[in-house]
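One structure is given below, encoded as structure tokens.
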Amino acid sequence: MFLTRFFRRVINFCLTLGLWVYFMLGYLVLMFVLFIPCYSRLKAVDAVLQKSFHLHLKVFFALVNRLSPGVRFAVSEDVRNLRSSIIVCNHLSYLDPILLVSLFPRQTTIVKNTFFSVPIFGWFLRKAGYVPSSPTEMYGPAMINHLEDIKRQLAAGGNLFVFPEGTRGRRGRIAPFNRGVFSIARYCSTGVKMVLIRNTERLFRPGSFSFDTRGKFTVSMELIGSLTPDQLKNASISASADQARSLFERKIREAKTGGDGRA
Amino acid sequence: MTRQEIEKEIRAVLLREFEVENPEPDVNLREAYGFDSIDAIELLLEIERFLGTELTQAEKKKAMDIRTLNQIIDYVEMLAHHRKNEAEKA
């Protein structure tokens, strides 16, 4: 028993190391070998960066899948086909945002401000059209610039994905939702699609910084509902946020009582 | 549209959408009622609905620095005046 656990940890450690080395190297190659030399000739810098991130992470998750034989990825077609949408998700693991980037060729999100202060990486995030969450960026005229930029990206077929809990949920509970994304949806006259993520926290456990490549479970993403522009227009944003949160809670409860162990 | 009509409408919006009841005309809404940037965006959408016209990006940016009820009324009054002039020219 002890030996099995020991070997499992060693395997997980080695594969995790390999995966993160690929992850980091992939970004470095994208940025310094492919992107920077072509920078002056690029017309739509944000679109190019978003597509590059998407392809890189698609390969990353193909590798994760290959190296984790017991882990199945089940992303429903209606999630894969989302375009020009504002997507609201529950947040379980650091993998959630990069999994979403791997699904959509054009995508933007609201990123914690600390990432923008990382040298070079922060510059790339800005160039890719990601939006900083800091109060100074989301207040005053700068906020209108960001909202107009999001509107433009949605019109170009991109998706905005947001985790309205603001942080990862704990023990399957959904934290209170920030209202911001619902206000953005109203501003952009776009509906909100709700996507339930399951089991990413089992694949990459919070606090462990290690992939569980030996586990047997299904990582899934499912479209559980939506709010149309009219529904958003006719309700207060607090009511829309509450409605969306209740749906997530109900779906998680159903999954738990359904006994499939996937919640 | 008179200033009184605008004030009445704005007060109604503040009460209905933000539960801000009878604010003093010059009180800072952010400090007194926690009126944040999300609320400001909502207020902008309400103003668009009230005026029956979409605001330009520059007009929206101007609104983001507003802090008091009086400033909101001035802003809407200025927009209404501007729209009226445009309509007359056309």
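A few remarks follow.
- Single unsatisfied condition, A:Leu92 versus (1) surrounded by 19 or more Cβ atoms within 10 Å (Cβ to Cβ); (2) outside any loop (DSSP other than H, G, I, E, B): (2)
- Residue count, the range A:12-60 (criterion: open to solvent by less than 30 Å² (accessible area, probe 1.4 Å) and touching a Pro at 6+ places or on another chain (Cβ under 8 Å)): 2
Conditions (1) in contact with an Asp or Glu (Cβ under 8 Å, 6 or more places away or on another chain); (2) within 12 Å of chain A (Cβ to nearest Cβ); (3) in contact (Cβ under 8 Å) with a residue 12 or more places away in the chain; (4) not in a helix (DSSP H, G or I), marked per residue:
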position: B:Glu7; (1), (2), (3), (4): no, no, yes, no
position: B:Arg16; (1), (2), (3), (4): no, yes, no, no
position: B:Glu21; (1), (2), (3), (4): no, no, no, yes
position: B:Glu24; (1), (2), (3), (4): no, no, yes, yes
position: B:Ile41; (1), (2), (3), (4): no, yes, no, no
position: B:Ile47; (1), (2), (3), (4): no, no, yes, no
position: B:Leu55; (1), (2), (3), (4): yes, yes, yes, yes
position: B:Arg67; (1), (2), (3), (4): no, yes, yes, yes
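- Any hit, the range A:113-128, residues being outside any helix (DSSP H, G or I), in contact with a Ser or Thr (Cβ under 8 Å, 6 or more places away or on another chain) and open to solvent by 10 Å² or more (accessible area, probe 1.4 Å): no
- Residue that is surrounded by the fewest Cβ atoms within 10 Å (Cβ to Cβ), among those in the range A:61-89 that are assigned to a helix (DSSP H, G or I) and free of Cβ contacts under 8 Å to residues at least 24 places away in the same chain: A:Glu77
- In the range B:26-38, the qualifying residues are those that are within 11 Å of B:Ile66 (Cβ to Cβ) and part of a helix (DSSP H, G or I), and the one that is least open to solvent (accessible area, probe 1.4 Å) is B:Leu29.
- Cβ-Cβ under 8 Å pairs, at least 6 apart or on other chains, the range A:219-237 side away from chain B (no Cβ under 14 Å), far side of a type in the set (Asp, Glu): A:Leu223/A:Asp78
The values are calculated or read from the model by the stated rules, or taken from the named source; none is laboratory data. Since the structure is predicted, the reported quantities are computational estimates derived from the model, not experimental observations. Here the Cβ is made from the backbone with ideal geometry for all residues, glycine too, and neighbour counts use every protein chain on show. Quick note on the areas: whole protein, heavy atoms, side chains included, nothing else; ligands and nucleic acids left out. Shrake-Rupley method; radii C 1.70, N 1.55, O 1.52, S 1.80 Å.
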